[in-house]
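What follows is a short report on a single structure.
The values are calculated or read from the model by the stated rules, or taken from the named source; none is laboratory data. Here the structure is a predicted model, which is why all the values come from computation and not from measurement. A quick note on method: Cβ atoms are made from the backbone with ideal geometry, for glycine too, and the neighbour counts reach across all protein chains shown. Quick note on the areas: whole protein, heavy atoms, side chains included, nothing else; ligands and nucleic acids left out. Shrake-Rupley method; radii C 1.70, N 1.55, O 1.52, S 1.80 Å.
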Amino acid sequence: MSDVEAQKRAAGDAAAQLVESGMVVGLGTGSTAVWFVRALAARKLDVLCVATSSSTQALGEELGLRFGELGETREIDLTVDGADEIGPGLSLIKGGGAALLREKLVWEASRRCVVIADAAKQVNTLGKYPLPIEVVAFGHKTTALRICDALAECDLGVAPRMRVKDGAPVRTDGGNLIYDVACGRIEEPAALASALKSVTGVVDHGLFLDLADLALIGAETGVVTLEP
Ligand code: 5RP
């Protein structure tokens, strides 16, 4: 196993220790979240899970975890998920796995959110990782132009690029498209978040601000704990 994978696994294992029987648990998406799901299933606790993607739900079911729908369980006690970048105050970029909308819905419905990652995800300023934006397919080219205007308002002279995989546009679990924006540096994440949210056709964006309560980061020396 590579060092990075070992760090992801250590973070996932540490997060699984935060779960107690009787909890409703939100399960994130991505390669780090997979380690958490595996470690959680191995503990054989009596928990009810809410998945942030169909792929996570499929893995959890295969491992014997029990699932409920968001809104049909009582409040989620704890959500554990990965991130593409972890910046100051535990501000995050998420959505590299195209699950940002379901992730944000689950995070916002959770009493506590824990982000797990390898050490390379920690940054001083968000923005090196391209910011994912989930867009309704109808009229998406027009929406992309409006996103350009919103970015310009925030002094970001960059254009969004539709995410394509194997020659076809990437579709989210909700059937939407993803546009990625190579911002470089996001000096004012809150202003950018609100400018993007105001564009009709934008379903949501990958800036997760004031949502994470704790970060567990795998490092060479062990798992480092960070608070906002
Ligand atoms: C999916 C996400 C993931 O949490 C994020 O992309 C991190 O993934 P990984 O743990 O594979 O690096 O936001 O939409």
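For the range 108-123, give me each residue that is near the ligand (Cβ under 10 Å from one of its atoms) and either over 21 Å from Leu211 (Cβ atoms) or not in a strand (DSSP E or B) (or both).
Taking the range 108-123 first, the residues near the ligand (Cβ under 10 Å from one of its atoms) are 115-118, 120-121.
Answer for the range 108-123, where residues must be near the ligand (Cβ under 10 Å from one of its atoms) and either over 21 Å from Leu211 (Cβ atoms) or not in a strand (DSSP E or B) (or both): Ala120, Lys121.
Can you tell me which residues in the range 95-125 are basic (Lys, Arg) and either under 14 Å from the mean Cα position of the chain (by Cα) or surrounded by 17 or more Cβ atoms within 10 Å (Cβ to Cβ) (or both)?
Those that are basic (Lys, Arg) and either under 14 Å from the mean Cα position of the chain (by Cα) or surrounded by 17 or more Cβ atoms within 10 Å (Cβ to Cβ) (or both): Arg102, Lys104, Lys121.
Within the range 70-85, which residues are part of a loop (DSSP other than H, G, I, E, B) and near the ligand (Cβ under 9 Å from one of its atoms)?
Gly82, Ala83, Asp84
Please count how many residues of the range 192-225 are open to solvent by 20 Å² or more (accessible area, probe 1.4 Å), of a type in the set (A, V, I, L, M, F, W, C) and assigned to a loop (DSSP other than H, G, I, E, B).
Selection size over the range 192-225: 2.
Which count do you get for residues in the range 17-43 that are of a type outside the set (Lys, Arg) and either at pLDDT below 95 or more than 15 Å from the ligand (Cβ to nearest atom) (or both)?
12
Just one of Ala33, Ala41, Ala15 is under 25 Å from Gly206 (Cβ atoms) and over 14 Å from the mean Cα position of the chain (by Cα); which is it? Working first, answer last.
Values: Ala33 fails: over 14 Å from the mean Cα position of the chain (by Cα); Ala41 fails: under 25 Å from Gly206 (Cβ atoms).
After ruling out the rest, the residue left standing is Ala15.
Consider Ala14 carefully, then state whether it is in a helix (DSSP H, G or I) and more than 16 Å from the ligand (Cβ to nearest atom).
Spelling it out, it is not the case that Ala14 is in a helix (DSSP H, G or I) and more than 16 Å from the ligand (Cβ to nearest atom).
Quick check on the range 44-56: of everything there that is open to solvent by 30 Å² or more (accessible area, probe 1.4 Å) and hydroxyl-bearing (Ser, Thr, Tyr), which residue is farthest from the ligand (Cβ to nearest atom)?
Applying the filter and picking the extreme gives Ser54.
Say we look at the range 139-155 and pick out the residues that are of a type outside the set (D, E, K, R) and free of Cβ contacts under 8 Å to residues at least 24 places away in the same chain; which of these is least open to solvent (accessible area, probe 1.4 Å)? Let's see the steps before the verdict.
From the range 139-155, those of a type outside the set (D, E, K, R) are 139-140, 142-145, 147-148, 150-152, 154; that's our starting set.
Those still in the list that are free of Cβ contacts under 8 Å to residues at least 24 places away in the same chain too: 145, 148, 152.
Numbers: Leu145: 117, Cys148: 41, Ala152: 59 Å².
The extreme case among them is Cys148.
Select, from Leu126, Leu59, Leu145, Leu105, the only residue that is over 17 Å from Gly12 (Cβ atoms), in a helix (DSSP H, G or I), of a type outside the set (Lys, Arg) and within 14 Å of the ligand (Cβ to nearest atom).
Leu105
Filter the range 156-179 down to the residues that are of a type outside the set (Val, Ile, Thr), open to solvent by 70 Å² or more (accessible area, probe 1.4 Å) and either modelled with pLDDT of 95 or more or not assigned by TED's automatic domain parsing to the domain that holds Ala137 (or both) and list them by number.
Arg161, Lys165, Asp166, Gly167, Arg171, Asp173
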